[in-house]
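Okay, so here's the structure we're looking at.
The values are calculated or read from the model by the stated rules, or taken from the named source; none is laboratory data. Just so it is clear, the structure is predicted and the values come from calculations on it, not from any experiment. Cβ atoms come from the backbone with ideal geometry, glycine included; neighbour counts cover every protein chain shown. Protein only, heavy atoms only, side chains kept; ligands, DNA and RNA dropped before computing areas. Shrake-Rupley method; radii C 1.70, N 1.55, O 1.52, S 1.80 Å.
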Amino acid sequence: MKIKLLMLIVFFSTFSYSQLTKKNWLVGGSGNFKYTKVEKLSDGTKPYDDRMIFNISPNIGYFFYDKLAAGVKLSYTYDNRYHQKYQYFGAGPFIRYYFLKPENRINLLLQAQYNYYGGGGKTIDGNDTGKFHNNGYGFKTGPVIFFNSSVALELTLDYNSTRLNSTELESEFMLGLGFQIHLEK
């Protein structure tokens, strides 16, 4: 068992270099999950309901310079809050930068993005809440672990600020898990 583990470590460390250089492609995606539990107030009432958000975002990008990529991401979000269930789809550009040398097995990334969402929702009894359009921006940062020259796992802390129907501003932090494939030119 110990020999197999040692062989895996040697295999991944021997071929651990990434394709973060100019003219390469980045294809992958990430997912986020957030659950908020709301406790009752001292008078026994709850100001808000518990909330669950699930988001998945595929993306494609291109390295215009070494360690600097830009591209487009799509997203699907399920949001259950205030006795209503929302589903919305989004799209927007992103730009990301890797801080360490491209040869490093572990790197750090910073990504900035613009988000545009459209969708609709239903109340708990099935009534339609109508269509809506939201927009905002976001940032993500965290370590990237390369399994080999092309495959990487990302563990990120994400911040998103969204203007909801031009009336309400929502800001949130979420943990993210991403998977990227770096394609050579």
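Protein chains only, probe 1.4 Å: how do Tyr65, Tyr78, Tyr97 rank by accessible area, largest first?
On the way: Tyr65 135, Tyr78 50, Tyr97 80 Å².
Highest to lowest solvent-accessible surface, that is Tyr65, Tyr97, Tyr78.
Which three semi-axes in whole Å describe the equivalent ellipsoid of region 129-185, each the square root of 5 times a Cα gyration tensor eigenvalue, listed largest first? Let's see the in-between values first.
Details: eigenvalues 205, 35, 15 Å².
That gives 32, 13, 9 Å for the three semi-axes.
Across region 131-136, coupling constants 3J(HN,Hα) worked out from phi with the 6.51/-1.76/1.60 Karplus curve, θ = phi - 60°, read 8, 8, 9, 10, 9, x Hz, and Gly and Pro carry x. Amide H contacts for Lys67 (H built 1.01 Å from N in the peptide plane; partners 5 or more residues away or on another chain; cut-off under 5 Å): Thr21, Lys22. Taking 0.36 nm per residue of sequence separation and removing the Cα-Cα distance, the Tyr114/Leu175 pair yields an extension gain of 20.1 nm. The label-point distance for Phe64 and Ile106, in a model that sets each label 7 Å from Cα toward Cβ, rounds to 3.1 nm.
May I ask you to derive the FRET efficiency for Thr167 and Leu74 from their Cβ-Cβ distance with R0 = 22 Å, giving the value to the nearest 0.05? Provide the component values of the computation, followed by the final result.
Working: r = 25 Å, r/R0 = 1.16.
In this case the efficiency is close to 0.30.
Accessible surface calculations at 1.4 Å, restricted to protein heavy atoms, place region 135-179 at 49 Å² per residue.
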